[in-house]
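The values are calculated or read from the model by the stated rules, or taken from the named source; none is laboratory data. Remember, predicted model here, so these are calculated numbers, not experimental data. Every residue, glycine among them, receives a Cβ derived from its backbone with ideal geometry; neighbour counts consider all protein chains shown. These accessible areas exclude ligands, DNA and RNA; they are computed on the full protein's heavy atoms, side chains included. Shrake-Rupley method; radii C 1.70, N 1.55, O 1.52, S 1.80 Å.
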Amino acid sequence: MELILGLLIGTAFGFILRRSRVASNACIRGALALTDFHMLKLLLTAVGVTLIVVFPLSALGIVNFSVKPTYVVGIVVGGLLFGVGMALAGFCPGTMLAALPGGDRRFWWAVAGGLAGSLAYALVYEPLEPLLIRPLNLGRLTLPDLLGLNPVVAGVGVGIVILVGVILLDRTTARNKPAIPDLARTGVD
């Protein structure tokens with residue numbers, strides 16, 4: 001049942017990415033160049049709404065969190081590698097799959113790069129663990145624990161702050177909206 005639910009949620013997310021034109025290579029390039037905030041606003045809206053919904057569900061025992069350790073060096077190195085890969089491919093993992101229906105051939109290069117990166121990570125994890133994982137391993141950090149707040153209050157509060165930030169970002173960038181191609185009409189990424 002969880003697999004079917006994950007497939008349905010993933011399909012809905014991909015549909016939203018595609019219809020909102022965030023799967024467009026032009027949109028991703030604009031986001032990386034900080035000239036187009038369309039993708040940032042969409043993703044921050046998704047994060048804000050998710051926080052507001054998920055934290056109360058967690059308090060009711062309907063949703064369970066799996067908090068991973070915060071190892072600063074590995075996160076910084078991994079984030080840099082991820083960002084370079086995303087810039088080179090022109091896709092992030094979510095938009096890569098959403099671009100598949102458009103027939104963009106770069107999709108296959110992005111998939112191959114993602115699989116190669118995953119394989120490389122699996123092969124070098126043990127030798128790199130002392131360099132990337134052990135130094136600055138801060139354990140399982142959560143914002144509610146750091147702030148000493150109830151998890152629901154922290155989650156909903158941060159979600160509201162993010163949504164207010166999206167509204168302010170939209171108001172300050174509304175005049176400078178670049179033309180993102182409508183993928184549904186053109187059929188091209």
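Percent of C-alpha pairs per 5 Å bin in the stretch 71-149, short distances first: 3, 13, 17, 18, 14, 13, 11, 7, 3, 1. For the pair MET1 and LEU43, a Förster radius of 35 Å applied to the C-beta separation gives a FRET efficiency near 0.80, rounded to the nearest 0.05. Between ARG171 and PHE82, the contour length at 0.36 nm per residue exceeds the Cα-Cα span by 29.1 nm. Probing with 1.4 Å while keeping every protein chain in the model, the per residue accessible area of the stretch 24-152 equals 65 Å².
For a Förster distance of 35 Å, can you work out the FRET efficiency between the beta-carbons of ILE62 and LEU138, rounded to the nearest 0.05? It comes to 0.80. Accessible surface of the stretch 90-161, 1.4 Å probe: 72 percent of it comes from carbon and sulfur atoms.
Percent of C-alpha pairs per 5 Å bin in the chain, short distances first: 1, 7, 11, 14, 16, 18, 17, 11, 4, 1, 0.
Checking understanding here: applying a Kyte-Doolittle mean of at least -0.5 and a length along the axis of at least 30 Å (C-alpha), which whole DSSP H helices in the chain pass? Walk me through the numbers before you get to the answer.
Values: long enough: 38-59 (32 Å, 1.87); 106-128 (32 Å, 0.84); 151-173 (32 Å, 1.89).
Result, helices passing both filters: 38-59, 106-128, 151-173.
Where only DSSP H runs of four or more residues are counted, the chain gives -22000 deg cm²/dmol as its mean residue ellipticity at 222 nm, each run worth -39500 (n - 2.57). Which FRET efficiency value, to the nearest 0.05, is calculated for TYR125 and ILE75 with the Förster distance at 25 angstrom and r the Cβ-Cβ distance? FRET efficiency, TYR125 to ILE75: 0.95.
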